[in-house]
Structures are given as C-alpha cells and as structure tokens.
Amino acid sequence: MSYPKIKKAVIPAAGQGTRLLPATKVVPKEMLPIIDVPMIQHIVEEAVRSGVEDVILVTARHKEAIENHFDFNFELEESLDQKHKKDLAEISKSIGRLCNLISIRQKNPLGLGHAVLCAAPVVGNEPFAVLLGDDLIDAEVPCTRQLINIYEKEGHSVVGVMEVPRAEVSKYGIVGGKSIRSRLMEVSHLVEKPAPDAAPSNYAIPGRYVLSPKIFEYLRKTLPGKGGEIQLTDGLELLAKGDRLLAYEFEGTRYDTGDRLGLIDATLAFALKRPDLAPGVRELLRKYLAG
Ligand code: G1P
C-alpha cells in the first residue's frame, strides 16, 4: 500500500523565547544564530532535505524578521552583485529559494497543541511534519526524513524519540508503550513533562513529529493541560488511544538550542564540523582550557 507523500511541514514559532532574554527582547529567538546561520534556517533546511516543499510557519506579533529571512532581499543582493560579490549574493538568494513559506498567526498563546491546530486550514487533509525550533538535530539522514520513511512504510503517525536520564524527563513529552522492532515502538500513553517517578519511560520527544491529519480532530478535543495550555502531547495521547501512534528512536545528535549551554554546545559542535572554522576553534579551545 502506498501512502500520501509528505510535502508540508509546520514549524511553530510563536513563543516569546523568554529562556534566552535579553537576546530575545526584540529579535525572535528563531533568528538567533548558530555561528552565522539563524536557528530557523537550520530547521527549514532539515525539512527541505526531508522532501518538504511547503513550510507553514505558525507565528506571532514581532516575528516578521523570520518571514523576511526566507524572502529575497533585492537591495542587498543587487548591491552585492554590483560589487562582484557573487558568492555572498548567492548565499542570500539561495535562502529565498529554499521553500514556499506560508505564515499563519497564532493570535493567543494557548500552547503548542493550539499552535499546530492553527495550521489546520493550510495543511488540509494531508499528513505533515512538525519541527520545533528549539531542537537542532544533526544527523546524516535528517531526523524528519527518518520519520517520513516510517510514515510512508507504516501509514501511521510517528514521533521521534531519544532516551534521556530519568532526572530530565520533566523537560519533555514522554512516551510509553511496547517495542515492535528495533528502534520502533507502539505508543499507548504519553505524558507532558512528568515528574521522574510518574514517567511511563525515559523516551522523550525532542520536537520532531510526522502526523496524520487526524491529529486535528483530537487537538480540537484536547483540554488545557500542563501550564493551562493545550499541549500537543495531550492531543497525541488521544490519537494514540483513538487511532495509532508510533515512536521511532532516530539516529542523530540533538542540541537544545533554547537553553544557553545547549546553544554553546551546538555552536562548538557545528564550528568543529566546518573546515573554514575548525582549526581556529580548536586553537581557541586549547587557549581557554590551558588558562
Ligand atoms: C515542547 C513540547 C514537549 C517536547 C519539547 C521538545 O516543550 O511540549 O513535549 O518534548 O518541546 O523540545 P517546550 O520545550 O516547548 O516547553
């Protein structure tokens, strides 16, 4: 049986980013860079490398910089072209060509589940991916592609999971269920940010999902949960019970870029992978570690 191809991704980007104040007072947290590439560009590139064509950004007031980033910037690109700085002009233009960006407002901050539901009129009756902007995942096969491969084979919604220490389960949506085969689990239960002794497992969802459009029916029925917000995790719990939900332990390294140390971790890891920067960064690290 063949299932519909996944061409749409929803990226919730309406949060205030208070974990990274004061940087996020005026600049959307999604625009903070890992070296010279805004975090949201890494996320959109993951979606595009996974086969996504339409990126649906669920946004809020004061987030226009994100939309502008994925558009052309004629003044800049013209002036770079005229100065014969073709390489720089191309860097700018290539971002404008990455995808179709469709943006929709979440007018009230009612939670992640509500943000995903805001995208329903644009997603329509198609399966789609969800990528959260605070989670950067470095993987040979993009994490979203790994989940799409499972969806295209199994025909059921799937969340990406990773094992975390018990002490950290309260930072994540946690899944419980039984193993079907290597790396794949049938989910029977989910809890948003449980206390360590109430967690159904230590498999956490770090912000990657491929969902059937049925999730929208369940999100419409989801009551406010943790923090009084409509949680995506609670909508997924209804989907797991009323339909079917899988969890896939993806391959790759995840960075929590919504957190200061996570941001430094990602910056160092990405810098050390770049041939133009790695030697200089190694030198700097040696200097600071010796000091
Ligand atoms: C959100 C989700 C949570 C998920 C996490 C991943 O929480 O609600 O289920 O595990 O993202 O980063 P947030 O970190 O936005 O509070």
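Quick note: the coordinates plus some simple rules give every number you see, no bench work behind them. Please read all numbers here as calculations on a predicted model, not as lab measurements. Here the Cβ is made from the backbone with ideal geometry for all residues, glycine too, and neighbour counts use every protein chain on show.
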Q: Rounded to the nearest 10 degrees, what's the angle between the helix 39-49 long axis and the longest principal axis of the chain, both from Cα atoms, 0 to 90?
A: 70
Q. What's the exposure ranking of Glu30, Glu168, going from fewest to most Cβ atoms within 10 Å?
A. Glu168, Glu30
Q. Just the Cα atoms of the chain, one point each, no solvent: what log10 I(q)/I(0) does Debye give at q = 0.15 Å⁻¹?
A. -1.21
Q | Relative packing of 255-263, 153-161, which averages over residues the other C-beta atoms within 10 Å, highest first | A | 153-161, 255-263
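At 0.36 nm per residue, minus the direct Cα-Cα distance, what do Lys171 and Leu277 gain on full extension? Give it in nm, one decimal, please.
On the way: separation 106, 0.36 × 106 = 38.16 nm, distance 3.25 nm.
Length gained between Lys171 and Leu277: 34.9 nm.
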Q: Give the long-range amide H neighbours of Gly173: residues separated by 5 or more places, or on another chain, with amide H under 5 Å away, using H modelled in the peptide plane at 1.01 Å from N.
A: Lys193, Ile205
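Of the cross-linked pairs Lys8/Lys107; Lys7/Lys29; Lys25/Lys241; Lys8/Lys171; Lys29/Lys273, which ones have a Cα-Cα span greater than 30 Å in the structure shown?
Values: Lys8/Lys107 22 Å; Lys7/Lys29 26 Å; Lys25/Lys241 40 Å; Lys8/Lys171 27 Å; Lys29/Lys273 23 Å.
Checking Cα-Cα distances, Lys25/Lys241 exceed 30 Å.
Using the Cα centre as the reference, give the magnitude of the dipole from point charges on the C-beta atoms of region 179-248 (Lys, Arg: +1; Asp, Glu: -1; all else neutral), rounded to the nearest 20 debye. Provide the component values of the computation, followed by the final result.
Values: 10 positive and 8 negative charges, 48 e Å.
Its charge dipole is roughly 220 debye.
Please tell me the relative contact order of the chain in percent, rounded to the nearest whole number, where contacts are Cα pairs under 8 Å and at least six residues apart.
Values: 550 pairs, mean separation 61.3, N = 291.
The normalised contact order for the chain reaches 21 percent.
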(Q) Going Cα to Cα from Lys63, which aspartates and glutamates come in below 12 Å? Please leave out same-chain ones fewer than 8 positions away. (A) Glu30
Q.
How are the alpha carbon pair distances in region 69-199 distributed across 5 Å bins from zero to the largest one, expressed in percent?
A. 2, 7, 12, 14, 17, 14, 11, 8, 6, 4, 3, 1, 0
